[in-house]
Amino acid sequence: MSAAMIVAIDGPAGAGKSSVARALADRLGFHYLDTGAMYRALTWLALRDGVALDDGPGLAALARQRPVEFGDQDAVSIAGVDVTRAIRAPEIDAAVPVVARHAEVRDVMRERQRLLGHAGDSVIEGRDIGVVVVPDAEVKVWLVADPAVRVRRRHAERAGIDEEALAEDLLRRDERDAANTHRADDAIEVDTTDLTLDEVVDRIAGLVGVRR
Ligand code: DC
């Protein structure tokens with residue numbers, strides 16, 4: 001049997017990574033791995049258990065003790081609690097870049113991401129997948145979109161939050177995530193600004209077809 005095929009989807013917040021990666025995985029019959037959800041779940045647990053967000057070794061130990069689990073329909077749980085919805089709250093948005101910054105935390109997460117990703121053909125979504133987590137992924141995509149479109153997409157996902165606040169938040173997140181967001185030299189850039197979800201998925205599925 002040949003090794004698992006990996007499609008890496010990286011890019012900034014709001015470029016469309018989650019929708020694209022999920023739809024692509026459905027189309028191809030691949031597993032879908034949302035690595036951002038792993039950092040979010042750890043952040044949720046750290047806040048619940050009072051682990052300081054500046055304690056890299058403490059957070060890494062927590063990540064090792066309590067690995068994030070994925071269930072049906074992209075359900076996310078940690079420490080036996082279903083956190084699928086809770087990890088999308090604004091408090092988590094604000095705190096997660098602080099947690100994701102620690103090298104010790106990233107080492108634990110990456111190890112688990114490789115394990116989950118190689119369990120079968122997978123679409124893996126994140127910031128550092130094509131460069132650090134799976135540098136030998138068969139297909140690497142760098143998703144981008146115009147800032148105004150990125151804000152509008154996040155607004156659609158987060159009802160009730162004002163657009164101006166979201167625009168500011170996105171800018172701040174871009175700055176905070178920059179150190180962990182890497183574009184692979186061999187990634188193919190797809191600008192989703194003027195494309196429908198189907199068009200983006202068609203394009204990437206075409207790239208996967210060529211490599212198979
Ligand atoms: O994509 P997202 O918004 O769910 O990501 C949540 C946070 O985790 C965000 O601060 C970026 C960070 N992240 C990361 O550093 N590396 C990844 N592979 C995925 C996400």
Filter segment 151-196 for residues that are among the basic types (Lys, Arg) and open to solvent by 50 Å² or more (accessible area, probe 1.4 Å); which is modelled with the highest pLDDT? ARG183
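May I ask you to list the residues in segment 182-212 that are in contact with a Gly (Cβ under 8 Å, 6 or more places away or on another chain) and not hydrophobic (A, V, I, L, M, F, W, C)? I'd like the intermediate steps shown before the answer.
Here is the first cut: in segment 182-212, the ones in contact with a Gly (Cβ under 8 Å, 6 or more places away or on another chain) are 182-184, 186-187, 192, 197, 200.
Once the filter is applied, which keeps residues that are in contact with a Gly (Cβ under 8 Å, 6 or more places away or on another chain) and not hydrophobic (A, V, I, L, M, F, W, C), segment 182-212 yields HIS182, ARG183, ASP186, THR192.
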Contact list please: Cβ distance under 7 Å, first residue in segment 48-65 and free of Cβ contacts under 8 Å to residues at least 24 places away in the same chain, second residue open to solvent by 40 Å² or more (accessible area, probe 1.4 Å), pairs at least six apart or on different chains. GLY58/ALA52
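Counting only residues that are among the β-branched types (Val, Ile, Thr), give me the helices (runs of 4 or more DSSP H) lying completely in segment 87-182 with at least 2 of them. Before you say what the answer is, go through the steps one by one.
On the way: elements: 90-100, 103-117, 147-157, 163-177.
By residue number, 90-100, 103-117, 147-157.
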Would you pick out the residues in segment 97-115 that are more than 18 Å from ALA178 (Cβ to Cβ), more than 9 Å from the ligand (Cβ to nearest atom) and in contact (Cβ under 8 Å) with a residue 24 or more places away in the chain? GLU104, ASP107, VAL108, ARG112
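Looking for something β-branched (Val, Ile, Thr) and within 16 Å of the ligand (Cβ to nearest atom) - is there at least one such residue anywhere in segment 190-205?
Here is the first cut: in segment 190-205, the ones β-branched (Val, Ile, Thr) are 190, 192-193, 196, 200-201, 204.
Still in the list and also within 16 Å of the ligand (Cβ to nearest atom): 192.
Within segment 190-205, one or more residues are β-branched (Val, Ile, Thr) and within 16 Å of the ligand (Cβ to nearest atom).
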Are any residues in segment 145-163 in contact with a helix residue (DSSP H, G or I) (Cβ under 9 Å, 6 or more places away or on another chain) and either farther than 19 Å from THR196 by Cβ or among the hydrophobic types (A, V, I, L, M, F, W, C) (or both), and if so, which ones? ALA145, PRO147, ALA148, VAL151, ARG158, ILE161, ASP162, GLU163
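The values are calculated or read from the model by the stated rules, or taken from the named source; none is laboratory data. The model shown is predicted, which means the values in this text are computed figures rather than measured ones. Note: ideal-geometry Cβ built from the backbone for every residue, glycine included; neighbour counts use all protein chains shown. We work out accessible area using only protein heavy atoms, side chains counted, and drop any ligands, DNA or RNA first. Shrake-Rupley method; radii C 1.70, N 1.55, O 1.52, S 1.80 Å.
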